[in-house]
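The values are calculated or read from the model by the stated rules, or taken from the named source; none is laboratory data. Predicted, not measured: the structure shown is a model, and the values here were computed from it. Cβ placement follows ideal geometry from the backbone for every residue including glycine, while neighbour counts extend to all protein chains displayed.
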Amino acid sequence: MVTISTKTPLIFISFCILLFSIIDQTLVESKKFKCTSNIQQCKSIVEYISPNTTTITTIQSLFNVENLTDILGVNNLPLSTPSTYTVQSRQPIKIPISCLCSNGTGKSNKVPVYKIVKDDGLYHIAFEIFSGLIVFQEIQEANNISDANKILVGQELWIPLPCSCDEVDGERVVHYGFVVPPRSTVAGIAAQYNTTQDVLLRLNDLASANDLKAEDVIDVPLKACASSISENSPDYPLLVSNGTYALTAQGCVRCKCDAANNYTLQCEPSQFNSSVQRNCSPLQCQGSGSLFIGNSTSSGCDRATCSYSGYNRNGTILTTLEQSTCPAPGQGNNASKFNFNIWRMSFIIIAFHLMLFCIQFT
């Protein structure tokens, strides 16, 4: 411990205070993500690393996630996962959040809200309870707290988590607040999440790959599956990233994204539980016979697929019957016919040359 004598010059004391202030500000790294989109509000994901062993419902409560199925979906956990599912200490888990763009920055839309308990401090809340997803100065600013040392038990604080709604290179994505593990590289993260080093450097204002630091929260854009959901549907645009799923249409429909299906959203009845299913409108495509959402039928090269296209606010589920038909006679086989003709012509030319060769030596 450093003891300052009463004889210590005032100028030295002032210098020390200024120096500590500069050091403190240097150590503070903002977690803000750029967000200039006209969409203003969207779904985003942030990674939470639990400081201790807990349950998935405790984390749900901490982040004010309304439906447990939303957490199960972004972590690709089965719908049958119990509420007592254990999350181990230091185990990463993805948290879905609603993101709001304002003044060029994305922040979680007034959630989560944390209630102060005895012995809490802003640093403890930011660094330990929320595992460094934000810095305490951002909590202080978001809640208009003039003195960080003066907070009250029972006081509710908005925790402004970083997020974004921006398109990346003209494509809609799900922005993921990713906590950088030790010994990670920009190239490794880019390869893991199917993006590029250039995109990661640009989104996170990194001058070079050497500027990446362990425990930083960086913006990683996740490619989402394309869908035919109507712009008038309350869940538009339903962005589901690769390897995840989401329940929509008031829990009646389960949509999943898989790169193996060419990043096309695959939707089907959720069959979440019987009580939900009883409240679901018919999931059958009109004029399709017995086709339901997610089903398809084929006859030869004719194919019909029943696709989910949104829902109305009264709960009516919308479907689209997508059909592909056989090529008209004389069409669709032109390429194979062309290739066959080339093969036949080549055979004739080779045979002609062989015949000339034989005549030459007879």
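In the range 189-217, what count of residues is obtained for those that are out of contact with any helix residue (DSSP H, G or I) (no Cβ under 7 Å at 6 or more places or on another chain), surrounded by 15 or more Cβ atoms within 10 Å (Cβ to Cβ) and not in a loop (DSSP other than H, G, I, E, B)?
3
Restricting the first residue to the range 217-246 and requiring it to be closer than 28 Å to Val180 by Cα, which pairs with a second residue that is in a loop (DSSP other than H, G, I, E, B) and among the acidic types (Asp, Glu) meet a Cβ separation below 7 Å and a spacing of at least six or different chains?
The qualifying pairs are Asn242/Asp258.
Take Lys223 and tell me if it is part of a strand (DSSP E or B), among the basic types (Lys, Arg) and on the phi < 0 side of the Ramachandran plot.
Yes, satisfied.
With respect to Gln91, determine if the residue is at pLDDT 95 or above, more than 15 Å from the chain's Cα centre (by Cα) and of a type outside the set (Val, Ile, Thr).
Working: at pLDDT 95 or above: yes; more than 15 Å from the chain's Cα centre (by Cα): yes; of a type outside the set (Val, Ile, Thr): yes.
Judged against the criteria, Gln91 is a match.
In the range 99-140, which residues are among the hydrophobic types (A, V, I, L, M, F, W, C) and in contact (Cβ under 8 Å) with a residue 60 or more places away in the chain? Lay out the reasoning, then the answer.
At the first step, the residues of the range 99-140 found to be among the hydrophobic types (A, V, I, L, M, F, W, C) are 99-101, 111, 113, 116-117, 122, 125-127, 129-130, 133-136, 139.
Listed by number, the residues that qualify are Cys99, Leu100, Cys101, Ile129, Phe130, Leu133, Ile134, Val135.
What do you reckon, is Ile159 within 22 Å of His175 (Cβ to Cβ), touching a helix residue (DSSP H, G or I) at 6+ places or on another chain (Cβ under 7 Å), touching a residue at least 40 places away in the same chain (Cβ under 8 Å) and buried (at least 18 other Cβ atoms within 10 Å of the Cβ)?
Answer is yes for this residue.
Which condition breaks for Ile93 when tested against (1) outside any loop (DSSP other than H, G, I, E, B); (2) out of contact with any strand residue (DSSP E or B) (no Cβ under 7 Å at 6 or more places or on another chain); (3) under 20 Å from Lys31 (Cα atoms)?
Exception for Ile93: condition (2).
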